[in-house]
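Input: a single structure, listed below in structure tokens.
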Amino acid sequence: MTADPHSALAWPFFEPRHRQLARDVDAWASEHLKHVDHTDTDAACKRLVRMLGDAGWLRHCIGGTRYGASNDTIDTRAVCLLRETLAKHDGLADFAFAMQGLGSGAISLAGTDEQKARYLPRVASGTALAAFALSEPEAGSDVAAMSLNARTDGDVYILNGEKTWISNGGIADFYVVFARTGEAPGSRGISAFIVDADTPGLQITERIDVIAPHPLARLSFHHARVPRSQMLGVAGEGFKIAMRTLDIFRTSVAAASLGFARHAMQEGLDRAASRKMFGQTLGDFQLTQAKLAQMALTIDTSALLVYRAAWLRDQGESVTREAAMAKWHASEGAQQVIDGAVQLWGGLGVKRGTAVESLYREIRALRIYEGATEVQQLIVGRDLLKAHGAQQR
């Protein structure tokens, strides 16, 4: 079976295995995600992680075949296709998948063999939930401003401080935590640690409720003792590890935005084709056709940016600029597409529980998570100036 020539899957960014993966996960999601009860968000997320693990999809969000991964290195195109497809079907399923990858990505990139063997197989099987603890009350976009402190005491580090906006907070089995170890000022004095959820001194001090519910919490560390063997990489390299992790998963945030937009587009088309107005359908009006055309243009341009970034990274290239562009355009574009679908649905578009209303809530946070749009603009601008300066020398 070949891809529809008008489908993104037909683009040369993909290999046959990617096309098959996209078809397989779409079929699985259509069958298995329809009846997941979201009433209890924590329980739903845990169930979805286990379902994704049992189906083998989580094998794509870790690196190292000996640890249960599908590849020795994380295949960014596969991760993006999975996120796009899951988001199209169920936003919480996409979240559950994404956090297994983001929460363990630093281990795949910088972990020792022992660390990988201890954590990655459980992530891949869905038997352990992962979390990525980077943000703090006064250090969100400005990661280098973090104040969580880790001081040495023999063979352990003692952690004191707070983290907030931590996805999977409260249900994770372990956290990849970034703390200031002080080797140098700013970002050069940050290190990364794997902290098990049952570590004495680690507490969940607040559960945070947001417009598209998912597990989210504020963490506090009070003299939490973490063995030196739980450090990822070497002291002072935590910021680099965090940025390398985000380069993978920032592109996948764009892919999730694309999935939400595709769902909204389908809802908009369904409404335009079926809604009777003034003796014709909503779709017969030229204004409706223009709106649908703009939605389609936005989706295709986002898809090109997403899979350019994913393909480049899989070729071993640095994608800081490309990932930022993809995340910026796809998340902002998806907001516009979903808003257009809400408008086409009229009053029903803002009725709680309808598909487009849910999408409207789902997309808003993606314009902030893993670097707000304004941060992506700064990244692109700075990278352009850096490249220009290099050319002039």
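Computed quantities for the displayed model
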| read-out | value |
| --- | --- |
| DSSP-defined antiparallel bridges as percent of all bridges, the chain, nearest 5 | 85 |
| Charge dipole (debye, nearest 20) of the stretch 132-235; +1 at Cβ of Lys and Arg, -1 at Cβ of Asp and Glu | 160 |
| Exposure proxy order (Cβ contacts within 10 Å, fewest to most) of 39, 373 | 39, 373 |
| Per-residue HN-Hα couplings for the stretch 14-29 [Karplus 6.51, -1.76, 1.60; θ = phi - 60°; Hz; x = Gly/Pro] | 10, 9, x, 5, 5, 5, 5, 4, 4, 5, 5, 5, 5, 5, 4, 4 |
| Alpha-carbon radius of gyration plus Dmax, which is the widest Cα pair, for the stretch 239-385 in Å | 17.1, 61 |
| Whole-Hz ³J(HN,Hα) from phi, Karplus 6.51 cos²θ - 1.76 cosθ + 1.60, for the stretch 117-132, glycine and proline x | 5, 6, 10, 5, x, 6, 5, 5, 7, x, 8, 9, 9, 9, 8, 10 |
| Neighbour-count ranking [beta-carbon atoms within 10 angstrom, fewest first] of 331, 187, 141 | 141, 187, 331 |
| Proximal charge balance of residue 182 [Cβ under 11 Å; K/R count +1, D/E count -1] | +2 |
| Selection from 200, 165, 182 lying farthest towards where the dipole of the stretch 132-235 points positive, charges on Cβ | 182 |
| Quotient of C-alpha Rg and 2.2 N^0.38 Å, computed over the stretch 96-249 | 0.94 |
| Contour minus Cα-Cα distance for residue 286 and residue 31 (0.36 nm per residue) | 88.2 nm |
| For the stretch 375-392, Karplus couplings with θ = phi - 60° (6.51, -1.76, 1.60), whole Hz, Gly/Pro x | 5, 4, 5, 5, 4, 5, x, 5, 5, 4, 5, 5, 5, 5, x, 5, 5, 7 |
| Segment residue 117-residue 384, length gained on full extension (0.36 nm per residue, minus Cα span) | 92.1 nm |
| Dipole magnitude (debye, nearest 20) for the stretch 239-385, charges at Cβ of Lys, Arg, Asp, Glu | 260 |
| For residue 195, net neighbour charge (Lys/Arg +1, Asp/Glu -1) across residues whose Cβ lies under 11 Å away | -1 |
| Residue order, fewest to most surrounding Cβ atoms within 10 angstrom, among 351, 291, 116 | 351, 291, 116 |
| Square roots of five times the Cα gyration tensor eigenvalues for the stretch 8-128, Å | 22, 20, 10 |
| Amide hydrogen neighbours beyond the local backbone of residue 216, cut-off 5 Å, H modeled | 168, 169, 208 |
| By average C-beta atoms within 10 angstrom, highest first, the peptides 275-285, 153-163, 68-78 | 68-78, 153-163, 275-285 |
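Throughout, read-outs are computed from the coordinates displayed, never taken from laboratory work. Computed from a predicted structure; not experimentally measured. Because the Cβ atoms are built from the backbone with ideal geometry, glycine has one as well, and the counts that use them run over all protein chains shown.
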